[in-house]
Amino acid sequence: MLEIKDLKTNFNTYDGVVKALDGVNLSIKDGEIFGLVGETGSGKSVTAYSVLKLLPKTAEIVAGKIILNGEDITDATEDRLRQIRGGEIGIIFQDPLSALNPVMTVNEQVGEILVLHQDAEINKLAYEKEIPVYKSEKWKSSPGVEFTIMAICISFISLFTMIGQFTFGLPFLFVIGIMFLRDYLQKEVPESALDLMVIEALSRVKLPNPKQIASSYPHELSGGMQQRVMIAMALAGKAKMLIADEPTTALDVTIQAQILQLIKDIQKEENMSVLLITHDLGVVAETCEKVAVMYKGKIVEEASVDQIFTNPQHEYTKALLNAIPKGGKERLKVPEIGEAGAI
Amino acid sequence: MKLWIYVLRRLALTIPVLLGVTIITFCLSYGMGDPLAPYVTEKTTPEQYEILEEKLGVNDPIQVQYVTYLRNVITFDWGYSKVINQDVSEALRDKFAATLELSILAFIVAVGTAIPLGIFSSIRQNRWEDHSIRLFALAGSAIPIFWFALFLQYFFTINFPDWEIVGRRDILFWEITDPIEIKTNFLLIDAIAAGSWPHFLDALKHLILPATVLAYGSMATIIRLMRGNMLDVLGQDYIRTAKSKGLTENQVTYKHGAPNAMIPTVTLLGMGFAGLINGSVLTETIFTWPGLGAWAITAMRSLDVSAILAYTLFSAFLYIIANLIVDILYAFLDPRVELGGHSSIAEMLVVSLSILMLLVTFLSINVAVWFGLLILISLIFLGSVAIGKRLWENPDDLWIVFLFSGTLFVVLSILSGFFMTIIYVSTFVYILYLGYSWKDVKEGLAPKFDEFKRAVYQIKRNPLTILGLFLVLSLLSIAIFAPWLAPPSETQRDPMRMEEHFEFNYNHQPPCYFSCTAESGEEDGYILGSTDRGYDIYYGIVWGSRTSLDVAVKVVFTGTFIAVVIGAVSGYYGGRVDDIVMRITDVFIAIPGLVLALAIIAVTGDNSIEMLMYSLIIVWWPGFTRVIRAEALRIRKLPYIEAAKAAGASDFRIIFKHVLPNCITSIIVIATMDMGGIVLSLAALGFLGFGGGADLAEWGKLVSFGQDDILKGEWWSFFFPGLAVALWALGFYLLGDGVRDILDPKQRN
Ligand SMILES: Nc1ncnc2c1ncn2[C@@H]1O[C@H](COP(=O)(O)OP(=O)(O)OP(=O)(O)O)[C@@H](O)[C@H]1O
Ligand SMILES: [Mg+2]
């Protein structure tokens, strides 16, 4: 599925060149959960971002090859990259709250990726069910626009009143009136095909009450729900591969387990490949089939999970294993996923 | 529903601030000369005089006078303006439309160009597009508004002699040739209502120049804000998420980046509005625009008190309303804002008492006086009980009391004249104190030192910062070496007075630059030309740098002193102390700076340069204080401060050893920038004819001498002194900007 060959990525900083990746080799097969572990700063995130070219401007890929399903995408054009991002590879991040746009609703954010990668599907659904394709009154969902107009109207009215010319304020009063009435007139807006697809994507990640969640803003959701929304978003474009960059680090323990279980379930259902980045060997033991250990920008060991735990080769891997607290594996025993609403 | 509660709450909270503003304007009116003056003529008989006294309540006790004043304010009985022979409230209504038309157009132009430019600049960060936009923005902040206006006027008189560069409309055309009905006094709207294209064009033609001038300053601020916010937002995680979805670069920038960057920009638009009010004073004066600003200046020049107070109060009203709208807008733009937010008991108490006070005032003055006194006494009582209780429980905190009385003493000594000595001495003592406890301080400061080392390294690499440093150093050396660069004449007693410079002066001389010959003699060899009164412009610029330096250093030093003490204590303790300090700064900030400074100078009738300094200090300290307070708030949560607290260090030690040295970055940046900002204000005041004698060597004054010569094509007398102001401000802004960019870790890349 994905192959990385001798990848080297540098950062140009004021203090000189930082060699974040110094020859990384990885190979992830179809339908495999692949773990990437390593201490903080070892270059795990940079590896993930290099694949999708999500690096900051100061970074530069200086050598190596990235091969996706046999296609060399190291020097892919911007257009091809955009197809891959979200369409073929989805990615989720460590801190879901900061990874979601705070001023857009879940509906808009998930909808966006559907429009980009599933447009044909949406149109088909709309045609079959004879409903509108997109939301018919888009600006209603953005209170920003609505209230900006309202505030402008109010200020004009007050200004005209101040100079004793109330009549000039009347048109603005009229606009405000219409905006209030509109809420009543538009109660019966039919759901669009896009809405339905968003709700479907949200229910796929086992979110309770997806309709209500779709209309909320990220800060109104719990950490677990936010990460589920992120996963829903990453997969909405029917990506065949998911990169999860420490998806559970920012969550507390029980929710961590639920999210990992969710990733496993979805992986099985869709036969996806997953690159799971973590610094927790316990997580790797529970979830992955193969694992690579990273240290200072290099892969120092790559093996199946069993091998790593029973017969570690590299000194650093041994050190990592010793650092796991006794019973660490037991602690992470995945509990039965209960009502998702309990999150 | 929540929405309306939020709006109502914000509305209610403005009432105490407005009350505070009336207290300031009342103090201004109380501190000034004869309140009867506007009504008295030669023909007034003593009996009439007494009746007047009776009617205006001049002999009433101060509290009665205040309440009467308050009632007059809320019933829109704002007195009589003698310069225009009109009731103030009527005048406000007539002139407001003119000012509003100008400001709205300027605001639209400013926001409409600044936001795209800011966004563009941020996505081209550190490329030539970015550099030129930044320079353009910086110039907008540094170029004095009045100089830019004169420049445009000069340019248009030379190139388009038919273009009327003053006024709002061609009166002959509007009133005689082709009269149309003026209903709203928004001329553009009236022209449209009358369906007359020529009128519309004429009004627009008159609007363009002043609107451009007014817009430029605000535009500069908004560009810088928007650019900074955009850079901040583009580094956020959700931008990476947006990219990972497969959106194009443009979609990411405009759909995900811009709306988020707009949020903090909008919160500062209210301040931009204050800038417009300040600017309109100057713009309207220069373009003889029949609006509020021009009227206020005329009033100030002839001590028309009711007009001055009314204008001050009205500007504060406008500013508060603008901020109210901005706050509401902000709540709508950002879904994260808690609309619910619960009011504290103290807040509700203050608001309801203020409303009650207004109501009672409206009903009966006597009751209101008693009511007000009662509130005041109980507040003082409650305050002392609270303070007493706190001190009883933590006797260590006694030092705050000393500190505040110390600050009060310093402020009083500022007013009595020998303040610089005190400030230099206390700064010196503080530095000694830091040196004495160096070991403790060093620990917390270690990262700061690295930052400074990095800063020095980066300053060397940033050409703009080098340019700033060069400008600042050259202007400082001009000030220091003035006696050698422009030796005063032998008969001159005071080198700062240009009138004394030569006994015999030629006026209107063009500059001769480096070719001034010896045989033409000193009298007609003016390196940079001479003014209409024969003042040597070169001499004025050289010695004017001393005035600027003097005022800037004193104001910045004193302002920083007050701000650092009050801000650090307020931010460090938080709670009640903080609340009170913040409400006081609220009131001061509500009055646009230039307007307040002008009002103070005009009303005290003291046109000395010292008075100008005091007024600038009064205007400047609240802004400073807020920044320092915000820093202190942030710093007190840092781990090692908590550690010091846990280790039992006293608050006094923590504030002076840890909090203050940690604010040093912000203090340096603000102080550097304000060295420029204060000279801009000084020059603006000087240009309007305030501060120091008429022949004091001061850049703003020199520019004003050249104002009338523009029509004659004499450009040198406004150009060179204005250039000096601009270079001074540009130098300090570049330097401050450079230092901030470097010391602010967020900007690093
Ligand atoms: N924006 C950047 N500028 C400069 N250097 C960077 C930047 N981002 C990462 N690096 C460097 O790249 C190296 C690898 O960083 P990376 O974020 O991939 O670590 P990581 O393994 O993901 O660690 P963590 O477990 O903390 O997420 C780090 O040592 C860091 O110095
Ligand atoms: Mg990482």
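Where a number appears in this text, it was derived from the coordinates with a stated rule and is not lab data. Predicted, not measured: the structure shown is a model, and the values here were computed from it. A quick note on method: Cβ atoms are made from the backbone with ideal geometry, for glycine too, and the neighbour counts reach across all protein chains shown.
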Taking 0.36 nm per residue of separation between residue B:426 and residue B:127 and subtracting their Cα-Cα distance, the length gained on full extension comes to 103.1 nm
Per the charge dipole of chain B (beta-carbon charges, Lys/Arg positive, Asp/Glu negative, Cα centre), the residue among B:624, B:346, B:721 reaching farthest to the positive end is B:346
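Just the number, please: percent antiparallel of the DSSP beta bridges in chain A, rounded to the nearest 5.
Beta bridges within chain A, antiparallel portion: roughly 60 percent.
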Checked the protein assembly as shown with the C-alpha gyration tensor, a ≥ b ≥ c its square-rooted eigenvalues, rounded below a/c of 1.5, otherwise prolate if a/b is larger than b/c and oblate if not; verdict prolate
Surrounding charge for residue B:395, neighbours by C-beta under 14 angstrom, Lys/Arg +1, Asp/Glu -1, total -2
Along the dipole axis of chain A (charges at Cβ: +1 for Lys and Arg, -1 for Asp and Glu; origin at the Cα centre), the most positive-end residue among A:310, A:170, A:21 is A:170
Under a Gaussian network model of chain A whose springs join Cα atoms within less than 10 Å, the largest fluctuation of A:224, A:16, A:41 belongs to A:16
Largest fluctuation, A:74, A:310, A:105 only, Gaussian network model of chain A with Cα springs under 10 angstrom, belongs to A:310
Among B:331, B:275, A:1, the residue whose Cα sits farthest towards the positive end of the charge dipole of the protein assembly as shown, when +1 is placed on the Cβ of each Lys and Arg and -1 on the Cβ of each Asp and Glu, is A:1
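Cα gyration tensor of chain B, axes a ≥ b ≥ c as square roots of the eigenvalues: rounded (a/c below 1.5), prolate (a/b > b/c) or oblate?
Rounded.
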Any DSSP H helix in chain A with Cα axial reach of 24 Å or more and mean Kyte-Doolittle score of at least -0.5? Listed by number, the hits are A:143-162, A:253-270
About its Cα centre, chain B carries a charge dipole, from +1 on Lys and Arg Cβ atoms and -1 on Asp and Glu Cβ atoms, whose size in debye to the nearest 20 is 3700 debye
Row for segment B:644-700, column shape: gyration tensor on C-alpha, a ≥ b ≥ c, rounded if a/c < 1.5 i.e. under 1.5, prolate if a/b over b/c, else oblate; value prolate
Computed for the protein assembly as shown: size of charge dipole around the Cα centre, +1 on C-beta of each Lys and Arg, -1 on C-beta of each Asp and Glu, debye to nearest 20, value 2960 debye
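If you put +1 on each Lys and Arg Cβ and -1 on each Asp and Glu Cβ, how big is the dipole of chain A around its Cα centre, in Debye rounded to 20?
Around 300 debye, computed over chain A.
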Each residue of B:375-387 has, on average, a number of other protein chain C-beta atoms within 10 Å of its C-beta equal to 0
The answer for the net charge of residues other than residue A:260 whose Cβ lies under 11 angstrom from its Cβ, with Lys and Arg +1 and Asp and Glu -1, is -2
